[in-house]
Structures are given as C-alpha cells and as structure tokens.
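Please read the structure below before turning to the comments.
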Amino acid sequence: MSTELRERPRNRFRRRLVATVLVFVVVGTAAAVVGTQQGPRLRDVSYDASGLVSRPAQRVILTANQAIERVSAQDVRVSPAAAHTVTSSGNTIAVEFTGPLAYDRSYEISVAGVRAPGQRATADLRATIRTGSTDVLALVPGAPGAKDRIVRRSLDAGGATTVYEGSDISEYVRLGRSLVVVSGTDAGSSVDILPLAGGVQDEDLPVEHLTLPTAEGRVTALHAADDGASFGFEYADTSTGQSRNVGLYVVDVTGTHLPTAIDASGKPRTGAVPMSVGQWAYVPRTESALVRTGSDDLVLVDMSGRTDPVRLGSATYLHGFVGAGTTAVVETGTGIVRLDLADGKRTALQVPAGSTDAAYLGRIAPLTDDGYLRVVGDVRADGTLAQRILRVEGSRASRLPVTVPEDASVTAVCPSPNGQFVAVATKSAGGVLVSIVDATSGALEASVDAGSVDWCAALPSGDEVG
C-alpha cells in the first residue's frame, strides 16, 4: 500500500476535527452576538418566604446570567408597592425591604434597563415572589381535671393542631425549634424546654427540665429573643412561703442553660441579687431587653452581657415597640412618647381628638410609626365597662369595627409581627376567646377558644393601664 493511501484516513480525521472546531466557534460567536443584542437574563431568585413577613431588612436576591452594571433604586419597581432599598454587585441585585411584607401575597419585582459592562443591549428583569402565611400558638385551658393544651392555628386553614399538653400551663414562648413552657401554681413553677418536630412536640427527644435558682419559686413574664439564643423571666423565691428577691433572670441557650440574675446595674451575674422589674421585654430582632424597673427607671440591657447597659430616663408604663423595634412607645408622667432606643430622643405620640375622651384608656398596640390601636371604654349605668378598639393614624382616630360582647372584657390586643393582623383576646363568664382580625378593616380571619396567643409574648409584660 502506498504512503499516499496510508495518509488519507489521517487527513480525513484532521479535516473533520477542523470542521467541528469551526462549528463550535460559529455557534459560540452567534451566541455572543445574541447575548449582546438581547442583554442579561434572569438566572435565579432566592428569598426567605417566612422571613419576609416576620422581620424587616429581608432581601430578595436576583441573579443574572452575566455581570451587570450598577443598578439604582430608581430602576427597581415592586408591585404591590413596598418600601425598599437596592444594591448590586457582580451579577446580583439585592432588593432589601424596609419592613415586613404582607402574608400570603405575590409581589412582582421588575428591574428596568439592565446592561452588561461594555454592551449596548439592555433588558428588563422580572421576578414574582410569594410570601409565607402565618400561624399562631394559643393556650387552650383544659376543663376541670383535664390538661391544658398549646395548639397551633393556621390562618389559611381551619382547625388547630395540638403542639403540647400538660397541667397548669401558665406561659409559653417559641424558641427556635423548641418551646419553653412554664407550669405550676403561685407557690411554685417549673420550666421545660420541649424540642419540636414538624411544629409539634418531638416525643422521641427528651424534655429538658430547667434548674431554677431556688428550691421553690414562681416564674412569670416569660420572653424569648428572636434569634433563639436566650430567654428570660421574672423569678420570685417562694421557698420560705414568701416572695423574695423578685427580679429578672436570663437563660443562655448557647451556654449552661442555668438562669442567671441580671443585677441592679443591668449585667448578668451568677449569684447576684436580681434587678427589680415592673415590666420588661426583648427588643425585637435583638438580644437586648427594655426594662422598666420597680422604681420606674428605663434600662436597655444586653442580656448576653457583651455590652454595657444604657440608662434611658424613666417611664411609668411600657406599651410596645414600633416596626423594626428601634423605637418604643412609653408613658411618662406628662404623656405618651416614642422613645428612640438608639439615642434616647423622645417624640410626643399623636393623640387626636376622640382617642383619649374615655374613662378607660388601655395599652397602645403600635402598628407603624404613625399608627396604633388602643382599647378605650366607657362606664355603663350598671358599673360595667363598654369597650371598643380605636385605630389611630396620624391625626385621625376611628373605631376598628370589632364587636366586643357586652358580657366580655378585652384582655389583650396583640399585633402580628408585620402589623397586618391583630389578636383580640376577650374573657367572659362563658370562657375565653382570641379573635384574629385584619388590623385595618377589622374583618375576622380566624378564632380560637384560648386565653392568649404567642404574638402577645412580644409585648412588655405588665398589667393593662387604666
């Protein structure tokens, strides 16, 4: 066989290889041309559906298929409208919402004129997100001789699921994937940390029984930090038959799980005499607590002990926190103010005509910087109280159309984390009831035969004002 014939197959292979490479080059060049003509495309969208409805400063991340030029807030539109800020870097656009969004709602995010560096073509990126729904935990008292139940009630479905049942439950609070439950009587309490699985008690895992500071004591005013790192309560030593050393204690869940006293200076210290407390609650989204002491001093306490306490003057009552939690609504001897927890600045709360002309003025439930709910009431001829709920927005006060039966009294008004709904707890001779209503229209969303819901745990503990 000649040399020419032996080389022919090799030449054919070489020609095929060259042809294949040319095809890839042509296809790649065409794709690049198309890319420059069409502009960037949306590759991925990521977000936390439950975080968007429960916490401020939550982000939706849009990822393009290539690097993009800087995007400004003017380029981004959210529908329905929601306050937001925008940052961009590389091939990502972060849309950060100022406050929590509405439950179970679709939002469209559109970004206009997105361009890759060095390219003329622009594109509009569009994404639709769906926020999470919500549920509440409610304490259902048992009939005589029966156990109490903590149930979970979803607002977008009927019925309730039992999370835990036990005797003489007085308080409870969610703590990450656990539930802290206080049980007992005025003479003495027990505190249990229950693991949860699928939203109910995980009976395959052990229950942790907390070791309390003394042999017998009463636990009240239970609150938990939003990050699940700690919880706290007021504790009274009842081992001698009398209440002694009543004050504030914290439990570091990441540490020893032993209650530690918050001393009079506002620092956690083992074996210390605890700070006296009139009211207290965790500041939303932080590990700090706002405390009104027994002498009406206001102290911002870092329950972890990492930063020094901050003295914020005095107050006669703590009503609650506004929005992101950086502002508290407090009552002083001269009126009700919004207290900036960052700089201590106080601004008078608007109290329009019709919002204070009643014999009974209850706790204020803040919804926004300018809006809140308040229970007010007039005394009937028979001496009972006829209550109603007012909604105040700026300089206008109107009645929230929620019917309170004549034989019932409102025991609490507790906003949802995003202020969209409110839990109205009532008590009558026939029992207790919690109605979940729309905070704007008063429309009933759900109800449960319970004494309280976990939304109320975000409010500073303490008696209603009168």
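The values are calculated or read from the model by the stated rules, or taken from the named source; none is laboratory data. On a predicted model such as this, the values are computed, not experimentally measured, just so you know. Cβ coordinates were reconstructed from backbone atoms using ideal geometry, including for glycine residues, and neighbour counts include every protein chain displayed. The protein model used for the area step is the full one, side chains on, heavy atoms only, and it has no ligands, DNA or RNA in it. Shrake-Rupley method; radii C 1.70, N 1.55, O 1.52, S 1.80 Å.
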Handout entry: Among the residues listed as T134, T185, T161, the single one being over 16 Å from the mean Cα position of the chain (by Cα) and farther than 30 Å from G241 by Cβ
Key = T161
Completion exercise
For strands (runs of 3 or more DSSP E) lying entirely in the stretch 415-466, having 1 or more residues that are in contact with a Cys (Cβ under 6 Å, 6 or more places away or on another chain) and within 19 Å of H223 (Cβ to Cβ) picks out 421-428
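Could you tell me whether T254 is open to solvent by 30 Å² or more (accessible area, probe 1.4 Å) and without any contact (Cβ under 8 Å) to a residue 24 or more places away in the chain?
Answer is no for this residue.
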Exercise for the section: For G325, indicate whether it is modelled with pLDDT under 95 and open to solvent by less than 40 Å² (accessible area, probe 1.4 Å). Expected result: yes
Exercise for the section: Could you check, for the stretch 67-78, whether at least one of its residues is closer than 17 Å to R130 by Cα, open to solvent by less than 50 Å² (accessible area, probe 1.4 Å) and at pLDDT 75 or above? Expected result: yes
Practice task
Within the stretch 284-294, track down each residue that is surrounded by fewer than 23 Cβ atoms within 10 Å (Cβ to Cβ) and touching a strand residue (DSSP E or B) at 6+ places or on another chain (Cβ under 8 Å).
Solution key: P284, E287, S288, T293
Practice task
Report yes if L205 is in a loop (DSSP other than H, G, I, E, B) and open to solvent by 20 Å² or more (accessible area, probe 1.4 Å), otherwise no.
Solution key: yes
Exercise for the section: Assess whether S110 counts as being of a type outside the set (D, E, K, R), open to solvent by less than 60 Å² (accessible area, probe 1.4 Å) and closer than 30 Å to A67 by Cα. Expected result: yes
Problem - Near pairs, Cβ below 6 angstrom, 6+ apart or cross-chain, from the stretch 184-209 (within 21 Å of A236 (Cα to Cα)) to any residue that is assigned to a loop (DSSP other than H, G, I, E, B) and of a type in the set (D, E) - result: G184/D168; G188/E216
Exercise for the section: Check every one of the strands (runs of 3 or more DSSP E) wholly within the stretch 301-401 and list those with 2 or more residues that are of a type in the set (D, E, K, R). Expected result: 336-340, 371-379, 385-393, 396-399
Problem - Residue list for the stretch 120-149, filter: in a loop (DSSP other than H, G, I, E, B) and open to solvent by less than 40 Å² (accessible area, probe 1.4 Å) - result: A121, T131, G132, T134, G142
Handout entry: Of all residues making up the stretch 69-87, the number that are touching a residue at least 24 places away in the same chain (Cβ under 8 Å) and in a strand (DSSP E or B)
Key = 4
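To keep it simple, each residue is scored yes or no on (1) of a type in the set (G, A, S); (2) within 21 Å of L341 (Cβ to Cβ); (3) at pLDDT 95 or above; (4) out of contact with any strand residue (DSSP E or B) (no Cβ under 9 Å at 6 or more places or on another chain).
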| position | (1), (2), (3), (4) |
| --- | --- |
| G188 | yes, no, no, no |
| I193 | no, no, yes, no |
| H223 | no, yes, yes, no |
| V246 | no, no, no, no |
| A261 | yes, no, yes, no |
| A281 | yes, yes, yes, no |
Exercise for the section: Using the structure shown, decide if S314 is buried (at least 21 other Cβ atoms within 10 Å of the Cβ), in contact with a strand residue (DSSP E or B) (Cβ under 7 Å, 6 or more places away or on another chain) and hydroxyl-bearing (S, T, Y). Expected result: no
Fill in the blank from the handout: Sole miss for G354 among (1) more than 26 Å from T411 (Cβ to Cβ); (2) in contact (Cβ under 8 Å) with a residue 12 or more places away in the chain is condition (1)
Completion exercise
Within the stretch 79-103, the count of residues that are open to solvent by 30 Å² or more (accessible area, probe 1.4 Å), among the β-branched types (V, I, T) and within 23 Å of G118 (Cβ to Cβ) comes to 2
Completion exercise
Exactly one of T347, T356 is more than 27 Å from the chain's Cα centre (by Cα), over 19 Å from S435 (Cβ atoms) and β-branched (V, I, T), and that residue is T356
